[in-house]
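Chemist: Here it is: the structure, laid out below.
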Amino acid sequence: MPKKLYALNTVNNFMDIIFKPFGVPFAEANPDISIYNIMDDSLLKDTLLAGRMTPVIASRLLAYAKAAEASGADGVIVTCTSVNEATAFIKPLLSIPILNIEEPVAEEAVRNGVRIGVLATLPTSPAAIGRTIQRKAKECGKQVEVINRVATGAFDVLCAGDRAKHDEMVNEALYQLAREVDVIAFAQISMSLLKHDTVAVPLYKIGNSGFEQIKAMMDARG
């Protein structure tokens, strides 16, 4: 029987920016895993409105994770960086693995850089992935500096359907940031399909690595 992986999404265009480009190829490469999606875009909207994760938002995300577990999920992947504090809270409350999708990117950035650039298109994302980066650095006894940059407005442009303008706005920030840091981590999966020229430093994008890591966690559980 195929294992069940539930993806918790917080944007209503998740099919185009998450599931089709990343979930579908992963499922095709892993026919023993079936992916199911849960979407509640109010989770991200409320996080942006509050400017941070709140107990109410965390409780709602926990309810979705518990519902996935009750439905027979073997693992849960949260595809939104901005709510990753809730994922950390939820982990000990589940009997199945749960992963925030940016965690492998944070690990790679810490492994290969000291001055780590974080590029985002949402104001809540840099602090969120920054916490993950600092936690990973602490785990391996390394000191890092995180330099944040936000391409303000680019996320709204993408959601309005203008990917070319989104890419132009993000690239402007990307090339500038690359002159200031050792490595760059994208703070959101919505940026991972960006079309760009060669970047002078290693660039880590959210997506495939998250799916591969939750698969490893599910396999380890047996």
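The values are calculated or read from the model by the stated rules, or taken from the named source; none is laboratory data. Values in this document were obtained by computation on a predicted structure and should not be read as measured data. Virtual Cβ from ideal backbone geometry, glycine too; neighbours counted across all protein chains shown. Calculation scope for accessible area: heavy atoms of the full protein, side chains included, ligands and nucleic acids excluded. Shrake-Rupley method; radii C 1.70, N 1.55, O 1.52, S 1.80 Å.
Chemist: Identify all residues within the stretch 119-138 that are at pLDDT below 95 and open to solvent by 30 Å² or more (accessible area, probe 1.4 Å); write none if there are none.
Modeler: PRO123, ALA127, ARG131, ARG135
Chemist: Then there is this: Taking the criterion of being of a type outside the set (Asp, Glu), open to solvent by 60 Å² or more (accessible area, probe 1.4 Å) and without any contact (Cβ under 8 Å) to a residue 60 or more places away in the chain, would at least one residue in the stretch 95-102 satisfy it? I'd like the intermediate steps shown before the answer.
Modeler: In the first step, residues of the stretch 95-102 are kept if they are of a type outside the set (Asp, Glu); the result is 95-101.
Cutting the leftovers down to open to solvent by 60 Å² or more (accessible area, probe 1.4 Å) gives us 95.
Now drop any that are not without any contact (Cβ under 8 Å) to a residue 60 or more places away in the chain, which leaves 95.
Taking every residue of the stretch 95-102 in turn, at least one turns out to be of a type outside the set (Asp, Glu), open to solvent by 60 Å² or more (accessible area, probe 1.4 Å) and without any contact (Cβ under 8 Å) to a residue 60 or more places away in the chain.
Chemist: Follow-up. Looking at the stretch 143-160, can you tell me whether even one residue there is within 17 Å of VAL110 (Cα to Cα), outside any loop (DSSP other than H, G, I, E, B) and among the small types (Gly, Ala, Ser)? Talk me through it step by step, then tell me what you get.
Modeler: We begin by selecting, within the stretch 143-160, every residue within 17 Å of VAL110 (Cα to Cα); these are 143-148.
Filter once more, keeping what is outside any loop (DSSP other than H, G, I, E, B): 145-148.
Imposing the further condition that a residue be among the small types (Gly, Ala, Ser) reduces the set to none.
Checked against the condition, which is being within 17 Å of VAL110 (Cα to Cα), outside any loop (DSSP other than H, G, I, E, B) and among the small types (Gly, Ala, Ser), the stretch 143-160 yields no hits at all.
Chemist: Every residue in the stretch 65-94 that is open to solvent by less than 10 Å² (accessible area, probe 1.4 Å) and assigned to a helix (DSSP H, G or I), please.
Modeler: Hits for the stretch 65-94 are ALA65, ALA68, THR81, SER82, VAL83, ALA86, THR87, ILE90.
Chemist: Read through the list (1) buried (at least 17 other Cβ atoms within 10 Å of the Cβ); (2) under 25 Å from ASN148 (Cα atoms); (3) modelled with pLDDT of 95 or more, then give the number of the only condition that ARG111 fails.
Modeler: For ARG111, the exception is condition (1).
Chemist: Do you know which residues across the stretch 184-215 are more than 22 Å from ASN12 (Cβ to Cβ) and within 17 Å of the chain's Cα centre (by Cα)?
Modeler: Taking the stretch 184-215 and keeping what is more than 22 Å from ASN12 (Cβ to Cβ), we get 184-185, 195-204, 208-209, 212-215.
ILE184, ALA185, LEU203, TYR204, ASN208, SER209, GLU212, GLN213, ILE214, LYS215, listed by residue number.
Chemist: Got at least one residue in the stretch 173-180 being of a type in the set (Phe, Trp, Tyr), over 30 Å from ALA27 (Cα atoms) and outside any loop (DSSP other than H, G, I, E, B)?
Modeler: Looking only at the stretch 173-180, we keep the residues that are of a type in the set (Phe, Trp, Tyr), and these are 175.
Okay, now just the ones that are also over 30 Å from ALA27 (Cα atoms), so 175.
Restricting the remaining residues to those that are outside any loop (DSSP other than H, G, I, E, B) gives 175.
Checked against the condition, which is being of a type in the set (Phe, Trp, Tyr), over 30 Å from ALA27 (Cα atoms) and outside any loop (DSSP other than H, G, I, E, B), the stretch 173-180 yields at least one hit.
Chemist: Among the listed residues ALA187, ALA178, identify the single one that is in contact with a Ser or Thr (Cβ under 8 Å, 6 or more places away or on another chain), touching a residue at least 60 places away in the same chain (Cβ under 8 Å) and under 21 Å from GLY130 (Cβ atoms). If you could, list the steps in order and put the result at the bottom.
Modeler: On the way: ALA178 fails: in contact with a Ser or Thr (Cβ under 8 Å, 6 or more places away or on another chain).
Unique residue meeting the criteria: ALA187.
Chemist: Something else: With respect to LEU61, is the statement that it is over 25 Å from LEU177 (Cα atoms), of a type in the set (A, V, I, L, M) and within 18 Å of the chain's Cα centre (by Cα) true?
Modeler: Values: over 25 Å from LEU177 (Cα atoms): yes; of a type in the set (A, V, I, L, M): yes; within 18 Å of the chain's Cα centre (by Cα): yes.
Spelling it out, LEU61 is indeed over 25 Å from LEU177 (Cα atoms), of a type in the set (A, V, I, L, M) and within 18 Å of the chain's Cα centre (by Cα).
Chemist: Taking the condition of being part of a loop (DSSP other than H, G, I, E, B) and over 26 Å from PRO97 (Cβ atoms), how many residues in the stretch 186-211 meet it? Before you say what the answer is, go through the steps one by one.
Modeler: So in the stretch 186-211, the residues part of a loop (DSSP other than H, G, I, E, B) come out as 187-188, 192-202, 205-207.
Filter again for over 26 Å from PRO97 (Cβ atoms), leaving 193-202.
Matching residues across the stretch 186-211 total 10.
Chemist: Pull up the stretch 12-42, narrow it to residues that are among the β-branched types (Val, Ile, Thr), open to solvent by 20 Å² or more (accessible area, probe 1.4 Å) and in contact (Cβ under 8 Å) with a residue 12 or more places away in the chain, then point me to the one that is nearest to ILE57 (Cα to Cα). It would help to see each step written out before you state the result.
Modeler: First, pick out the residues of the stretch 12-42 that are among the β-branched types (Val, Ile, Thr): 17-18, 24, 33, 35, 38.
After this cut, where a residue has to be open to solvent by 20 Å² or more (accessible area, probe 1.4 Å) as well, the list is 24, 35, 38.
With in contact (Cβ under 8 Å) with a residue 12 or more places away in the chain added as a condition, the list becomes 35, 38.
Working: ILE35: 24, ILE38: 15 Å.
Top of the filtered list is ILE38.
Chemist: Considering the stretch 158-188 alone, what residues qualify as being open to solvent by 10 Å² or more (accessible area, probe 1.4 Å) and among the hydrophobic types (A, V, I, L, M, F, W, C)?
Modeler: Scanning the stretch 158-188 gives LEU158, CYS159, ALA160, ALA164, MET169, ALA173, ALA178, VAL181.
Chemist: For the stretch 43-54, give me each residue that is without any contact (Cβ under 8 Å) to a residue 40 or more places away in the chain and out of contact with any helix residue (DSSP H, G or I) (no Cβ under 9 Å at 6 or more places or on another chain).
Modeler: LYS45, LEU49
Chemist: Quick one: in the stretch 143-157, of everything that is over 19 Å from the mean Cα position of the chain (by Cα) and open to solvent by 60 Å² or more (accessible area, probe 1.4 Å), which residue is nearest to ALA128 (Cα to Cα)?
Modeler: GLU145
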